[in-house]
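The values are calculated or read from the model by the stated rules, or taken from the named source; none is laboratory data. Note that the structure is a prediction, hence the values are computed from the model and not measured. All Cβ positions, glycine included, derive from the backbone under ideal geometry; neighbour counts span all protein chains shown.
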Amino acid sequence: MTEKNHVKHRPTARVLLINKLNQVFMLKTHFDPEVGLPPRWLVPGGGIDNGENTLTAAIRELHEETGLVVTADDLGEPVLEATGRWDWADGLNYHTYTDTIYELQIQDFKLDTSGFTEDELRDVLEYRWWNLSELFESEELVAPHELIGWLKKRFVV
C-alpha cells in the first residue's frame, strides 16, 4: 500500500448562524481545484491569516462571506473544535484541518457577497438556510465531518 502525501494543514475559524426557527445558514462550496472532491456544505468562515487568532478570523470571515459585522462579545467562546482529514480524489494526497466554530443566534440578515475573495467567487455555488431535519436526512456532504453529529446533540430534532 502506498503511503499518502500530507499536502497541508488548514486551520479555519467559522460561525454557525442559527435563526429563530433553528435553521442553519450554510454555503455550498468547491474544494480547492487540486483536491478533486465534490462540493460540500459549510458554515461561513475560512482560513486564519497571519497574526489572527480564531476569534478575529471568525469575525473577519463572517463579514467577508455574509456582510455581517459582529464583535468578539457577540461570538463569545467556540462551541466546537473539529479536526480531520480529507483524502483527495487522486488517491495519493490528503490534507488535514482544524475548524474552530463559534455560534451566533440571529434573527435574519440580507446576504452581502461584496466581500467575497476571488476564490470565494469561484468556489461558492449556493447558500441557504437549512432546516435541521432536512439537513440530517439529506445525502449532502457537510464539513467538518463532526458538524452533523454535534448539531444533532445540540438541537434534538
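Data for the structure
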item: LYS4 vs. criteria more than 13 Å from LEU104 (Cβ to Cβ) and modelled with pLDDT under 95; result: yes
item: Residue list for region 5-55, filter: more than 19 Å from ILE148 (Cα to Cα) and among the β-branched types (Val, Ile, Thr); result: VAL7, VAL35, ILE48, THR54
item: Test: residue in region 44-55 that is of a type in the set (D, E, K, R), surrounded by 13 or more Cβ atoms within 10 Å (Cβ to Cβ) and under 29 Å from LYS152 (Cβ atoms); result: no
item: Residue within region 11-31 that is modelled with pLDDT under 95, in a loop (DSSP other than H, G, I, E, B) and under 17 Å from ARG122 (Cβ atoms) present; result: yes
item: For GLY36: the one exception among (1) crowded, with 18+ Cβ neighbours inside 10 Å; (2) small (Gly, Ala, Ser); (3) at pLDDT below 95; result: (1)
item: So TRP130, is it aromatic (Phe, Trp, Tyr), out of contact with any Gly (no Cβ under 7 Å at 6 or more places or on another chain) and closer than 12 Å to LEU17 by Cα; result: yes
item: Flag if TYR97 is aromatic (Phe, Trp, Tyr) and either farther than 22 Å from TRP129 by Cβ or modelled with pLDDT under 95 (or both); result: yes
item: Close pairs (9 angstrom Cβ cut-off, 6 or more residues apart or separate chains): farther than 22 Å from GLU77 by Cβ in region 1-29, of a type in the set (Ser, Thr, Tyr) and modelled with pLDDT under 95 anywhere; result: none
item: From the options VAL156, VAL124, residue that is among the hydrophobic types (A, V, I, L, M, F, W, C) and without any contact (Cβ under 8 Å) to a residue 40 or more places away in the chain; result: VAL156
item: Hey, ASP108 under 25 Å from PHE155 (Cβ atoms), modelled with pLDDT under 95 and either of a type in the set (Asp, Glu) or in a helix (DSSP H, G or I) (or both) or not; result: yes
item: Members of region 56-96 that are surrounded by 18 or more Cβ atoms within 10 Å (Cβ to Cβ), over 18 Å from GLY115 (Cβ atoms) and either over 14 Å from the mean Cα position of the chain (by Cα) or among the aromatic types (Phe, Trp, Tyr) (or both); result: TRP86, TRP88, HIS95
item: Of residues in region 76-105 being among the charged types (D, E, K, R) and assigned to a loop (DSSP other than H, G, I, E, B), the one farthest from PRO44 (Cα to Cα); result: ASP90
item: Residues within region 76-123 that are among the small types (Gly, Ala, Ser) and closer than 20 Å to LEU147 by Cα, tallied; result: 3
